[in-house]
């Protein structure tokens with residue numbers, strides 16, 4: 001665990017030049033939420049943008065030729081992978097908490113009434129979509145690198161647009177998906193968390209296999 005934390009701290013050190021961009025990334029969705037007067041749209045957009053920053057450590061290490069540095073570090077490749085996932089999930093968690101606190105306050109200041117069901121749906125959707133974005137991105141970057149795998153950076157954009165289209169067709173209807181989510185919040189939260197945990201486990205295993213194959 002200590003080696004994983006060291007690897008995560010190294011990734012946070014690598015992205016220092018991007019800190020202004022990341023702070024802007026967290027703040028921009030506030031304006032989107034205010035314009036659309038929708039908490040779900042704001043949170044979904046926030047998780048989309050922060051997921052796009054998952055490639056920053058790959059970009060910095062690749063451009064700086066840090067493969068030799070990683071090779072001499074007294075940390076196994078497995079823990080380096082764990083550390084990168086920990087870094088990614090930490091930035092996602094920060095963006096999620098910021099969005100779930102600031103967005104409702106801004107919307108209420110604008111006179112919007114935020115229902116508990118909307119807060120719950122925004123939270124579940126935000127966690128699920130961030131997971132969906134990153135579990136495909138990280139193995140892709142490990143396999144192709146950041147420069148050759150830049151296409152993976154746009155997975156969140158495609159996912160966000162798909163979610164907006166999906167929500168526009170479901171909101172205001174008696175769709176069983178929404179009914180079941182609102183009617184069984186505990187069960188749906190547990191189900192989403194289990195799906196996210198399993199998705200990350202599979203993604204981590206895939207990334208470790210890719211890294212080890214590159215060593216051969």
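A short reminder: the numbers here are calculations on the coordinates, not readings from a lab. If you're wondering where the values come from, they're calculated on a predicted model, not measured in any experiment. All Cβ positions, even for glycine, are placed from backbone atoms using ideal geometry, and neighbour counts span all protein chains on display.
The table that follows gives values for the structure above.
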{"read-out": "Mean residue ellipticity (222 nm) of the chain, computed from DSSP H runs ≥ 4 via -39,500 (n - 2.57), nearest 500", "value": "-28000 deg cm²/dmol"}
{"read-out": "Fewest-first ranking of 151, 198, 50, 75, using other Cβ atoms within 10 Å as the exposure measure", "value": "151, 198, 75, 50"}
{"read-out": "Taking only Cα atoms of the chain, radius of gyration then Dmax in Å", "value": "18.3, 60"}
{"read-out": "Exposure proxy ranking, count of Cβ atoms within 10 Å, fewest first, for 9, 213", "value": "213, 9"}
{"read-out": "Ascending count of other beta-carbon atoms within 10 Å, so fewest first, for 127, 102", "value": "102, 127"}
